[in-house]
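Asks: Please see the structure below; I have some questions.
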Amino acid sequence: MADYRNCTCIACRNEFTPDDDIVVCPECGTPYHRDCWNEHGHCINTELHENGTAWQNPNNNSNNENDRERILCHKCGELSPKSSSFCIHCGQKIDRTDKDDWQTRSFIMPENSYNENSDDDMGGATVREISGFVGRNVPYFLMRFKFFFESKRKLAPNFICIIFPQFWFAYRKMWLGSLVIVLISFLLSIPSSLSTLAAQTDMMLAYIQPQLELFGEEAAEIIKNRIISFSQLMTENKSILSLTNTICSYASLAMRMVLFMFGNYIYYRHSIKKIKSIRESDKSLIDSQSRIRIAGGTSVGFIFIAVLAHFILTSALTYIALMI
């Protein structure tokens, strides 16, 4: 039952008592004595109705706490208001049973309450070390790393990874992972690239005609014949190429979905491994912390390297397809 202590009925101007029969306006929530409501027959708090706002109970101090506190969804790893019954991101029912007591005990926390200088362990590295390694967006990753460490779960969505996984890995200095993704993406894009080259043969010949003339008439004719032969070969095997392209498209989507679900966990394991390696190789704590910051953080430059690597591979494929 709602608490109306120290609240006043706006009709009779008397404070409510525990024994009063109280009703509220169904539209704005303003409380009345039942007799006062029956006397007027409608809500007289016209200001709230005109503004489209609701009456605020001054005794509900817990509302402000709930606005500041969040609870972690054990399914998607996102934060929802403490008072929510369902996750506002994935719709999963938030279970507060004893079985999942770790969820309500460990993860209900005020926003911005992360102690980035804490020496608490998070699976092989301290919060301080992880904060230095992550560099940017520390609260976001601390929250997810805490989720991985305490819940032993691995799934927490990373929406960038479903679109540009190779660039996000490069940005977070996971170079080997970025290179592997670039290579796999390139291989899966080969059928599509070959189909595009075959479909745009005439346009390509018109575009490179000025460059072909530089090689001389005989060499230009040889190159043009090879391009035409390649186009005919792709046309003759159009059905096989189309099927392969479909399979590769689904494989590419599957790879992105896996990285979408586990990209943050991969970064968590990468961070812990790097920090451990640096700590074990350095005797000085100051040197270790400095190296951790240098090894971690972000790098926009490596995004351009990933783009360049993909461009080089695509250009090489075009050259090989036309010249062999």
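Asks: Do we have ALA220 as in a helix (DSSP H, G or I), buried (at least 16 other Cβ atoms within 10 Å of the Cβ) and modelled with pLDDT under 75 here?
Replies: yes
Asks: May I ask you to list pairs of residues, at least six apart or on different chains, whose Cβ atoms are under 8 Å apart, with the first in segment 215-229 being among the charged types (D, E, K, R) and the second being loosely packed, with under 13 Cβ neighbours inside 10 Å?
Replies: Partner pairs satisfying both residue conditions: ARG226/MET323.
Asks: Turning to a different aspect of this structure: Which of (1) out of contact with any Ser or Thr (no Cβ under 7 Å at 6 or more places or on another chain); (2) surrounded by 18 or more Cβ atoms within 10 Å (Cβ to Cβ); (3) at pLDDT 75 or above is the odd one out, the single condition PHE230 does not satisfy?
Replies: Condition not satisfied by PHE230: (3).
Asks: Scan the helices (runs of 4 or more DSSP H) fully inside segment 123-174 and keep the ones with 2 or more residues being in contact with a helix residue (DSSP H, G or I) (Cβ under 9 Å, 6 or more places away or on another chain) and without any contact (Cβ under 8 Å) to a residue 24 or more places away in the chain.
Replies: 127-134
The values are calculated or read from the model by the stated rules, or taken from the named source; none is laboratory data. Here the structure is a predicted model, which means the values were calculated and not measured. Every residue, glycine as well, gets a Cβ built from its backbone with ideal geometry; the counts of neighbours run over all protein chains shown.
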